[in-house]
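Asks: Just dropping this structure here.
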Amino acid sequence: MAKVQVLNVAVLDNPSPFGNPFQFEITFECMEDLPEDLEWKIIYVGSAESEEYDQTLDSVLVGPVPAGRHMFVFQADAPNTGLIPESDAVGVTVVLITCTYRGQEFIRIGYYVNNEYTDAELRENPPLKPDYGQLQRNILASNPRVTRFHINWEGCSEKMEDSENVDPAPNAMLPPSCPPGKAPPLGLMPDNSMDCL
Amino acid sequence: MKLLKPSWVSHNGKAIFSVDIHPDGTKFATGGQGEDSGKVVIWNMAPVLRDEDEKNENIPKLLCQMDNHLACVNCVRWSNNGLCLASGGDDKLVMVWKKAAFIGPSTVFGSSSKLANVEQWRCVTILRSHTGDVMDVAWSPHDLWLASCSVDNTIVIWNARKFPEIVTTLKGHTGLVKGLTWDPVGKYIASQADDHSLKVWRTMDWQMDTNITKPFNECGGTTHVLRLSWSPDGQYLVSAHAMNNSGPTAQIIERDGWKTNMDFVGHRKAVTVVKFNPKIFKKKQRNGSAPKPSCPYCCCAVGSKDRSLSVWLTSLKRPLVVIHDLFDKSIMDITWTLNGLGMLVCSMDGTVAFLDFSQDELGDPLNEEEKNAIHQNIYGKSLAVTMDTQLSSTIIENPEMLKYQQERRAAPTSSGAQGASLENQTPKLTNVVNGESLEDIRKNLLKKQVETRTADGRRRITPLCIAQLDTGDFSPALFNSVPILPGSSVAPQLTPQLSSDSNTANSLCLKANQEPAASPTKTTDDKDSGTPAVNSASLKSNLLLTTASKIEPMKALDSRFTERSKPTPGVTSSPAAAAAMPVSTVDRVKDTSVLKDWKMKEETSSDSEDKVQKVPPLVKRKPEMEGAEVVEKRKKGRPRKDAKLMMAVPQAFPQTPVSVEKETVRVSAPAVTLKLPTPAVQKSFSSQVGTDSVLYLEVENEVSVVAGARLSQLKCSRDGREWDAVLPSRIAVVTGSSDVVAVACEDRTLSIYSSCGRRLLPSIMLPTPISALHCSGFFVMALTASATLSVWNVQKLTAVVKNESLNSILLGSDATVSSSMLTDQGVPVVGLSNGKSFCFSSSMETWNLIADKQDALVQCADFRNCVSAQDALGSVGPLATTQGRSLSAGRLASRLSSTPHHLQQGMTLAFLEQQLSSALVLRSSSEYRHWLLIYTRFIVNEGYEHRLRELCKDLLGPVHKSSTSSWEPTVLGLRKRDVLAEVLPVIGQNLRFQRLFTEYQDQLELLRLK
């Protein structure tokens, strides 16, 4: 199981002008002392169309992490406007906070971000070239989307353990007469498929 | 029989694989598939049992849900004592859960359901050994072992007293092991696997006793689980899926010779689960009919893949009842209530059914005695716990005690019932870490957190530890940071408001200086100010969603939430990895400079924020502001020259440094033996003292020359009333209290004025110049340069301490006096530069050591478990002031985890007794009470009966009046018997002391009636 549980993320300084740094106050709990640092990243999705425009705003190491409940503020600069496609500057996008341990991502917290002109006139007639000075960034803080991933917390990991691809080894040990009793995504197993017949 | 399908018991439609009712019948656990993980949920039983409880919205249905398993949970099982829950899942792990005492309601961050967890169950151990999905777990009788079986073909026996120790791994199955059951007598454990076998293993040497294959030869491995069960009398073992003449059965295996002559027939598809009723029954005696000596019998429920459930009595040839079409999919697990009349069944279709039987249907359950008699008869030994120590805590001898225990049990339920309201209050519950509130910490976190650069230039933040894990006896913890208190995790619902509305945040921060006075009214205040924030936040979100013109990009964006970023190879530390992130490398240089700019901007902005924060309270929140003042002034009123201590609070009390400087001028010069430094006489100076109404003192020396005499002037003002006094000599030190003002002059005179400026006494002539002067109430303390100390009560005009020399504490060391103070009770305290603090007991005429910063006991004492939630704030009083907020008690406790328990115990005991006696000699009643409660809890937990008895005896005193008794009915103004009444419930928590509890409870009651 995950040794680190994110308990809460508070979005600070929100809404704010587009150029302000992102500030997230992150509270997490750790089950046991971590020998290595956690790495946190803030990724700004520049365009919904392509991951190409994703910007890693900053990454920090957080440590040492003894067992217990901890908090810190992760501040990262606003995205580099030069790397955002002009057509995607205004409107809804996403900012992601990810955390990795030993190079494996185990949690991803996503927020919708709405970039909007505060000025009514600009909102009606947005300039072709986005005026970043007038843009306001509003993070939909009340609705975080959290995805957790299964990683190998122990020792040095030669390979990533992926919950989606469970090692088929146990079944390989079965005698040939015995059909594999259990396919990995358990909930999907047609256990009583006969009932449907 | 009544049948109910509580629709609210669900994993959002996902399959429920396992269900188990808690031994006390108040809750049950389900395990199964969660959103993208395994899920364990603990539910309240009351709404299942009673219709009115189901409708009552104040009674929570869901108590706690845990998403920690990474994949589907196949089995949940309560330990027999009900303290632990074990769960096993497809993630190959077994987790053992315990209820955390100190944590209040919280939610799972990011989970769609905003339901708070009413109870907190924390994973205390993760058992890793299996290399495949864990299918079943089972606690042995008396919870000595925990067994788990897995698709890795093995069964692991864990030492349940010493997790994660493995007792043994049972190997022998050649297929997926899908079910386990312990022999109730404790001699065997049986397992059933897909390899067409059921094996019985001996617990004595962990070898296989028998291997039964015949009934399983025709079986295919088509069931998800094979949960077999052993009858409560130990005579029969009933398997899951077996075949007889091509028909699915549940095979009955007799203990005697492992004969397989009988089976339960009738299910159309494989039997997945068999569960015996924990009770043994005998025929209901009907009125009129002659009492026939009937054989006791057992009751067994069988669930199958054909979605039907049958209930059998071993005395009947046919099933008692068969229920078809209860579920849409296969039955996965069955559990009985301990009284044997209720049953929960869960199914792959994600629903749960509750069956309620009457005694008319099942029969009269045998009581434990009769059941034991049967065991005694068959096996020659009773299953009842016979160990003496356990016996004393299992039998409740006294109705008072029973009542008390029941009340204790009832308390959580009622508090649970208030779950919702409780949650609203919890953020109010002061969360203090090292004397700072959580809100305070949050406010300054960005500024305060330690950020460094690693060798390769990466930012590294040291997170602030805000709480230790409350894992009870599993890990030693520090005292300094409080255990996780209710509400210390700010409920996620709350945070958006907190952050999006800085005003709210500020107002919350103000509460930092929580005096207990911060009253319910203010809570509502804050709630009110909070609501607009919610509205605006939700408005904004609505706006955001409606203005979101690009619907398709939103969808495209959705995938980003869940897609894992491609593993950036070696991102963690290798410098080469930086190149993999073009953005960050390109901007590296720029980044840092921008960052610096930012730091500056942020400083200024937050400064202004500070100001902003200060202004409104003056207008709006006067009472709170006063509260804040109190804290500040108190700090000043008791000057402490300990630089370290001052360092700890610089930001909180911006004015203090000024006073510190002044004070250091007074005493800092190193003294020759028994020669204390005297303050230099300044031309003019001023100071403020007092707690409720501030007293401003202004001194102007040699203000005028009249007839050749130089006069000095003292100006005092309090509450707008001013007075002044003229003195013939230069004033060296001036101080005051709520009742008096004391002035020491250069000519060794000491003058005492009333609060209105009336001179109370002719000048007192001091033997040597003054070194330090303190006032508290009507007490005045003077420390002279020749290291003598005097304390007077100027109201009664008596000497409390008469020219007492500091010889005994100063001689033989080169320490000097670094601080001094006078308590409200007129007890003088002197702190030395070597970290020791002494107070003088006027009745004993002795110097007593009350604090020693180097004391090993302080650092090693671990009494965190004995600090209740309300005590966690620490105590306020002279003892705490002397020892400092930074009392490092327990700081080393964690390092000493390897030291033997009795040593740790002894150190803690010594420390607590020291604290108690120090509070007594300091005459600080609130601290005495505080430490007495902690001390009592400690000796109750650790079982120091003699000390406990002596303590109670002293508190109770003689029951009958006698002239010879020297017993004092009060201690430090507290009535001892009131204290005893407060201490007794603590004693009642340990059943071992129930006799002591009863004894004193009765006597107290007796005295009350008199």
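The values are calculated or read from the model by the stated rules, or taken from the named source; none is laboratory data. Nothing here was measured: the structure is a model prediction, and the numbers come from that model. Cβ coordinates were reconstructed from backbone atoms using ideal geometry, including for glycine residues, and neighbour counts include every protein chain displayed.
Asks: Among the residues of segment B:440-467, count how many are touching a strand residue (DSSP E or B) at 6+ places or on another chain (Cβ under 7 Å) and of a type in the set (Asp, Glu). So that I can check it myself, show each step before the final result.
Replies: Pass one, segment B:440-467, residues touching a strand residue (DSSP E or B) at 6+ places or on another chain (Cβ under 7 Å): B:441-442, B:445-446, B:449-454, B:458-467.
Then keep just the ones that are of a type in the set (Asp, Glu); that gives B:451.
The qualifying residues number 1.
Asks: Right, here's the next one. Which condition does A:Ser50 not pass, out of (1) free of Cβ contacts under 8 Å to residues at least 40 places away in the same chain; (2) facing chain B (nearest Cβ under 7 Å), if it passes all the others?
Replies: Single failed check for A:Ser50: (2).
Quick grid of which residues meet (1) surrounded by fewer than 16 Cβ atoms within 10 Å (Cβ to Cβ); (2) without any contact (Cβ under 8 Å) to a residue 40 or more places away in the chain; (3) over 14 Å from B:Leu822 (Cβ atoms):
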| residue | (1), (2), (3) |
| --- | --- |
| B:Val726 | yes, yes, yes |
| B:Pro767 | yes, yes, yes |
| B:Cys775 | no, no, no |
| B:Leu783 | no, no, no |
| B:Asn793 | yes, yes, no |
| B:Val801 | no, no, no |
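Asks: What's the number of the only condition in (1) modelled with pLDDT of 90 or more; (2) in a loop (DSSP other than H, G, I, E, B); (3) away from every other protein chain (no Cβ under 11 Å) that B:Lys162 fails to meet?
Replies: (1)
Asks: Can I ask one more? Going by what's in this entry, would B:Arg318 be described as at pLDDT below 70, under 30 Å from B:Leu3 (Cα atoms) and not aromatic (Phe, Trp, Tyr)?
Replies: On the way: at pLDDT below 70: no; under 30 Å from B:Leu3 (Cα atoms): yes; not aromatic (Phe, Trp, Tyr): yes.
It is false that B:Arg318 is at pLDDT below 70, under 30 Å from B:Leu3 (Cα atoms) and not aromatic (Phe, Trp, Tyr).
Asks: From the list A:Asn14, A:Asn20, A:Asn80, which one is facing chain B (nearest Cβ under 8 Å), out of contact with any Pro (no Cβ under 9 Å at 6 or more places or on another chain), more than 30 Å from B:Val73 (Cα to Cα) and not charged (D, E, K, R)?
Replies: Values: A:Asn14 fails: out of contact with any Pro (no Cβ under 9 Å at 6 or more places or on another chain); A:Asn20 fails: facing chain B (nearest Cβ under 8 Å).
After applying the criteria, what remains is A:Asn80.
Asks: A further question follows. State all residues of segment B:312-336 that are touching a residue at least 40 places away in the same chain (Cβ under 8 Å) and touching a helix residue (DSSP H, G or I) at 6+ places or on another chain (Cβ under 9 Å); if no residue qualifies, say none.
Replies: B:Leu313, B:Leu320, B:Val321, B:Lys329, B:Ser330
Asks: For segment B:957-1010, what are the residues that are in a loop (DSSP other than H, G, I, E, B) and of a type in the set (Lys, Arg)?
Replies: Of the residues in segment B:957-1010, the ones in a loop (DSSP other than H, G, I, E, B) are B:957-969, B:972-973, B:989-990, B:1010.
Result: B:Lys961, B:Lys1010.
Asks: Considering only residues that are facing another protein chain (nearest Cβ under 9 Å) and either within 15 Å of A:Pro79 (Cα to Cα) or assigned to a strand (DSSP E or B) (or both), which ones fall in segment A:25-41? Can you show your working first?
Replies: Residues of segment A:25-41 that are facing another protein chain (nearest Cβ under 9 Å), as a first pass: A:25-32, A:36-41.
Matches in segment A:25-41: A:Glu25, A:Ile26, A:Thr27, A:Phe28, A:Glu29, A:Cys30, A:Leu38, A:Glu39, A:Trp40, A:Lys41.
Asks: Further, regarding this structure: Given the conditions (1) at pLDDT 85 or above; (2) buried (at least 22 other Cβ atoms within 10 Å of the Cβ), report the number of the one that B:Phe993 does not fulfil.
Replies: Against the list (1) at pLDDT 85 or above; (2) buried (at least 22 other Cβ atoms within 10 Å of the Cβ), B:Phe993 comes up short only on (1).
Asks: May I pose another question? Which one of B:Ser37, B:Ser18 is under 14 Å from B:Val352 (Cβ atoms), within 30 Å of the chain's Cα centre (by Cα), surrounded by 15 or more Cβ atoms within 10 Å (Cβ to Cβ) and of a type in the set (Ser, Thr, Tyr)?
Replies: Details: B:Ser37 fails: under 14 Å from B:Val352 (Cβ atoms).
After applying the criteria, what remains is B:Ser18.
Asks: Take B:Val48 and tell me if it is touching a residue at least 12 places away in the same chain (Cβ under 8 Å), away from every other protein chain (no Cβ under 14 Å) and not in a loop (DSSP other than H, G, I, E, B). Steps first, please.
Replies: Working: touching a residue at least 12 places away in the same chain (Cβ under 8 Å): yes; away from every other protein chain (no Cβ under 14 Å): yes; not in a loop (DSSP other than H, G, I, E, B): yes.
Yes.
Asks: Being crowded, with 20+ Cβ neighbours inside 10 Å, at pLDDT below 90 and not polar (S, T, N, Q) is true for just one of B:Ala86, B:Ala71, B:Ala29. Which residue is that?
Replies: Working: B:Ala86 fails: at pLDDT below 90; B:Ala29 fails: at pLDDT below 90.
When all the criteria are applied, what remains is B:Ala71.
Asks: Is there any pair with a first residue in segment B:122-142 that is at the interface with chain A (Cβ under 9 Å from one of its Cβ atoms) and assigned to a loop (DSSP other than H, G, I, E, B) and a second that is surrounded by 22 or more Cβ atoms within 10 Å (Cβ to Cβ) and among the hydroxyl-bearing types (Ser, Thr, Tyr) whose Cβ atoms are under 9 Å apart and which are 6 or more apart or on different chains, and what are they?
Replies: From residues that are at the interface with chain A (Cβ under 9 Å from one of its Cβ atoms) and assigned to a loop (DSSP other than H, G, I, E, B), the pairs are B:Thr131/B:Ser150; B:Gly132/B:Ser150; B:Asp133/B:Ser150.
Asks: Also: Restricting to segment B:16-33, give me the number of residues that are within 15 Å of B:Leu338 (Cβ to Cβ) and hydrophobic (A, V, I, L, M, F, W, C).
Replies: Initially, segment B:16-33 is screened for residues within 15 Å of B:Leu338 (Cβ to Cβ), giving B:19-29.
When the remaining residues are screened for being hydrophobic (A, V, I, L, M, F, W, C), the result is B:19, B:21, B:28-29.
Selection size over segment B:16-33: 4.
Asks: Take segment B:974-1010 and flag every residue that is touching a Gly at 6+ places or on another chain (Cβ under 8 Å) and within 16 Å of B:Ile934 (Cβ to Cβ).
Replies: Correct list: B:Asn990 only.
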